[in-house]
Protein chains: 2
Amino acid sequence: MSKPVILVVNDDGYEAKGLTAMVEIARSFGKVVVVTPDQPRSGVGHSITFMQPLRLHLYKEEDGVQYWRTNGTPVDCVKLGQKVIFKDRPIDLVLSGINHGSNSSVSVIYSGTMGAAIEASFENKAIGLSLLDYSKDADFTAAIHYGKKIVAEVLKRGLPPFTSLNVNIPKGSIDDIKGIRIARQTNGIWHEELVENTDPFGSKYYWLTGYLEVLDKNEDCCENLLKNHYISVQPVQYDMTAYRYMNDLKFLEDVR
Amino acid sequence: MSKPVILVVNDDGYEAKGLTAMVEIARSFGKVVVVTPDQPRSGVGHSITFMQPLRLHLYKEEDGVQYWRTNGTPVDCVKLGQKVIFKDRPIDLVLSGINHGSNSSVSVIYSGTMGAAIEASFENKAIGLSLLDYSKDADFTAAIHYGKKIVAEVLKRGLPPFTSLNVNIPKGSIDDIKGIRIARQTNGIWHEELVENTDPFGSKYYWLTGYLEVLDKNEDCCENLLKNHYISVQPVQYDMTAYRYMNDLKFLEDVR
């Protein structure tokens, strides 16, 4: 059997330490091609670029790995990988990350890392990996260790159709981690603050920040698993319908 | 009772005809404040801006309506409206759109219009409105007519918690529309093409385009309702967990 072909993308850009960690995971399994944004693009969710042209530039080949970068978003990276670089050739797996910082709870809809993984899942097996450490110099040792194990299982057993994995890894050593648990998305929302300041020219600006409020007591939700030192693996799909409320809204069908 | 306070946002920018149409809907109910991106930001999904500062500029007051614009995304427009303009004052309803073009099926995750509506639903009642006509000069007559009726009902009866409405309106006259139906998201995916071309300086670029493949036969899915000349109203929530596959993935819990 020939070695699997793995596309690696991220949202932290081509200089992120988490990208090097993901390439280390991917290289232990097969042929690797990397496509990343040419600047950090955190928080761009499922953003795509179609009102301006996309550029794609092969800037490095190292240890058999091709490194491409683009002016596009993480989702664009996936599309460029699938439709341009691997046009008419199969991809076996798409890996997104490793993100510097968690993508738990509602963060999955803001996350460029998970935007890319969800997009990839429409054509390929896809996994997003995030480490609960925002620092540039985060220690990815445990993330690489468990990332390899999860990738091995997914390559062997596959994934359900149109379903990606949102893998969040707690901070700490390999031994600090108690194991892996399948998780549902934590019910929680971000409370934003827009910090007001004045630029050197006297004009006001606002800088977005905030904190996550967890509204969930369930033990199998991602936030509570992470708090208890488990790796959280959320299977992610793209149907956002609020099924439970469809009947409650039937009154709108009487409007004429 | 005092008049309701309505925040209007969009993703097509401050010059879009659909914005004028949405303001017409909103003004018939209450006090209106508009916050839009300073350029068209279609397809940016749930993108937020936190790696650079946000600007917010009141550029017009007309017929009692304030018009603000920002360098941010549609989701940023919601946050700036909620946290800066209406800081410590209640908003009764957030309206996003009217979008030039549909936001049916999987487009809900790419849509800036629906990104803003979903974000707004974390604090407010929120509705995204889209007309199935991409042209700049689209006729919004029927969209305004039915938009007013839906807004009236939502102001009267409320919406379930953390739930926005994704309203898609078929092209055509008021009489062409058969009615309103509560819809579930159509199972479908975009097939992309990246059209290759060369710029005047000899460098290659790619332009993203594609078509939606509908994989859904259900009569109550948004695409099929729209095809049958119904207005589709999809209740939207933010939990993306693939619940149906959680058990199938339990094998990952044995990985050590």
* Asked: Which residues, taken from the stretch A:17-39, are more than 27 Å from A:GLN237 (Cβ to Cβ) and buried (at least 18 other Cβ atoms within 10 Å of the Cβ)?
  -> A:VAL23
* Candidate set: the stretch A:9-51, residues that are among the hydroxyl-bearing types (Ser, Thr, Tyr) and within 14 Å of the chain's Cα centre (by Cα); chosen: the one farthest from the other protein chains (Cβ to nearest Cβ) -> A:THR36
* Structure fact -> Being more than 11 Å from chain A (Cβ to nearest Cβ), on the phi > 0 side of the Ramachandran plot and surrounded by fewer than 18 Cβ atoms within 10 Å (Cβ to Cβ) narrows B:GLY64, B:GLY97 down to just B:GLY64
* Hey, could you check the stretch B:141-166 for residues that are of a type in the set (A, V, I, L, M) and either within 10 Å of another protein chain (Cβ to nearest Cβ) or surrounded by fewer than 15 Cβ atoms within 10 Å (Cβ to Cβ) (or both) and say which is nearest to A:ALA242 (Cα to Cα)? => B:LEU165
* Structure fact -> Counted residues in the stretch B:100-118 being surrounded by fewer than 24 Cβ atoms within 10 Å (Cβ to Cβ) and more than 12 Å from chain A (Cβ to nearest Cβ) come to 1
* So which residues in the stretch A:119-133 are surrounded by 22 or more Cβ atoms within 10 Å (Cβ to Cβ), free of Cβ contacts under 8 Å to residues at least 60 places away in the same chain and outside any strand (DSSP E or B), if there are any at all? -> A:LYS125
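I'm trying to understand the selection: among the residues of the stretch B:122-153, which are of a type in the set (A, V, I, L, M, F, W, C) and more than 16 Å from the chain's Cα centre (by Cα)? Give the steps one after another, and end with the answer.
Taking the stretch B:122-153 as the starting set, the residues that turn out to be of a type in the set (A, V, I, L, M, F, W, C) are B:122, B:126-127, B:129, B:131-132, B:138, B:140, B:142-144, B:150-152.
B:ALA138, B:ALA142, B:ALA152, listed by residue number.
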* Structure fact -> With the first residue restricted to the stretch A:183-195 and required to be among the basic types (Lys, Arg), and the second required to be surrounded by 20 or more Cβ atoms within 10 Å (Cβ to Cβ), Cβ contacts under 7 Å at 6 or more apart or on different chains are A:ARG184/A:CYS221; A:ARG184/A:GLN234; A:ARG184/B:THR241
* Do the conditions hold for B:SER173, that is, is it within 17 Å of A:LYS250 (Cβ to Cβ) and more than 9 Å from every other protein chain (Cβ to nearest Cβ)? -> no
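Within the stretch B:168-256, which strands (runs of 3 or more DSSP E) (wholly inside it) include 3 or more residues that are farther than 27 Å from A:ILE85 by Cα and at pLDDT 95 or above? Don't jump to the end; show me each part of the working.
Values: elements: B:179-182, B:188-198, B:204-214, B:230-236.
Output list reads B:179-182, B:230-236.
Out of curiosity, is B:ALA138 of a type in the set (Gly, Ala, Ser), in contact with a Lys or Arg (Cβ under 9 Å, 6 or more places away or on another chain) and surrounded by 19 or more Cβ atoms within 10 Å (Cβ to Cβ)? Step through it out loud before you land on a result.
Details: of a type in the set (Gly, Ala, Ser): yes; in contact with a Lys or Arg (Cβ under 9 Å, 6 or more places away or on another chain): yes; surrounded by 19 or more Cβ atoms within 10 Å (Cβ to Cβ): yes.
Yes: the conditions hold for B:ALA138.
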* Asked: How about the stretch A:221-247: which of its residues are more than 7 Å from every other protein chain (Cβ to nearest Cβ), charged (D, E, K, R) and either surrounded by 22 or more Cβ atoms within 10 Å (Cβ to Cβ) or under 22 Å from the mean Cα position of the chain (by Cα) (or both)?
  -> A:GLU223, A:LYS227
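So, A:LYS149, is that one among the basic types (Lys, Arg), more than 23 Å from B:ILE189 (Cα to Cα) and free of Cβ contacts under 8 Å to residues at least 40 places away in the same chain or not?
Numbers: among the basic types (Lys, Arg): yes; more than 23 Å from B:ILE189 (Cα to Cα): yes; free of Cβ contacts under 8 Å to residues at least 40 places away in the same chain: yes.
In short, yes.
Residues of the stretch B:198-212 being over 16 Å from A:LYS79 (Cβ atoms) and either more than 8 Å from chain A (Cβ to nearest Cβ) or of a type outside the set (Asp, Glu) (or both), which ones? If you could, list the steps in order and put the result at the bottom.
Pass one, the stretch B:198-212, residues over 16 Å from A:LYS79 (Cβ atoms): B:198-203.
The answer is B:THR198, B:PRO200, B:PHE201, B:GLY202, B:SER203.
The values are calculated or read from the model by the stated rules, or taken from the named source; none is laboratory data. Remember, it's a predicted structure, so these values are computed and weren't measured experimentally. Cβ sites come from the backbone with ideal geometry, for glycine too, and all protein chains shown count toward neighbours.
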